[in-house]
1. Helix-derived [θ] at 222 nm for the chain: sum -39500 (n - 2.57) over DSSP H runs of at least 4, divide by residue count, nearest 500?
2. Considering every Cα-Cα pair within the stretch 14-73, what fraction, in whole percent, is farther apart than 13 Å?
3. How far is helix 72-102 tilted, in degrees, relative to the longest principal axis of the Cα atoms in the chain, given as a value from 0 to 90 rounded to the nearest 10?
4. At a threshold of 8 angstrom on Cα-Cα distance, excluding pairs fewer than six apart, so keeping six or more, what relative contact order does the stretch 3-78 reach in percent?
5. Please compute the modelled spin-label separation between residue 83 and residue 29, points set 7 Å along Cα→Cβ, answer in nm with one decimal.
6. By how many nm would the segment from residue 15 to residue 91 lengthen if fully extended, with 0.36 nm per residue of separation less the alpha-carbon distance?
7. With the chain treated as a Gaussian network of Cα nodes joined by springs under 10 Å, which of 71, 88, 13 yields the largest mean-square fluctuation?
8. Gap in Å between the Cα centre of the stretch 55-107 and the Cα centre of the stretch 1-30?
């Protein structure tokens, strides 16, 4: 599985996307994250493991607690993938416009 597939698979689950969103404001412990969900703390830990394996979150141990934070490596993979679509679509539009102009047509 490619890195892009791993990242996309990780965020297909609504709970994982929500957990990732919850980390936008800064690092949080599993307990802090789990407090916002009706699922168990072990279930949140499992979601965090999947996000971590995808490179979307990282953990830092402080005392007895693991603090999870957004990891920019995984986001960079996702961003590059999505920007590739933007580039491809723009290039295709530009090619179609040049082709249409060469035929004497107008773009509306």
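FYI, it's all coordinate maths here, none of it is from the lab. From a predicted model like this one, the values you see are computed outputs, not experimental measurements. Here Cβ is always computed from backbone atoms with ideal geometry, including for glycine, and neighbour counts include all displayed protein chains.
1. Result for the chain, helices only: -20000 deg cm²/dmol.
2. Counting pairs separated by more than 13 Å, the tail of P(r) holds 55 percent.
3. Taking the Cα atoms of the chain, the angle to 72-102 is about 10 degrees.
4. With pairs under 8 Å counted, the relative contact order is 38 percent.
5. 3.8 nm
6. On the way: separation 76, 0.36 × 76 = 27.36 nm, distance 3.55 nm.
The span from residue 15 to residue 91 would gain 23.8 nm if fully extended.
7. 88
8. 16 Å
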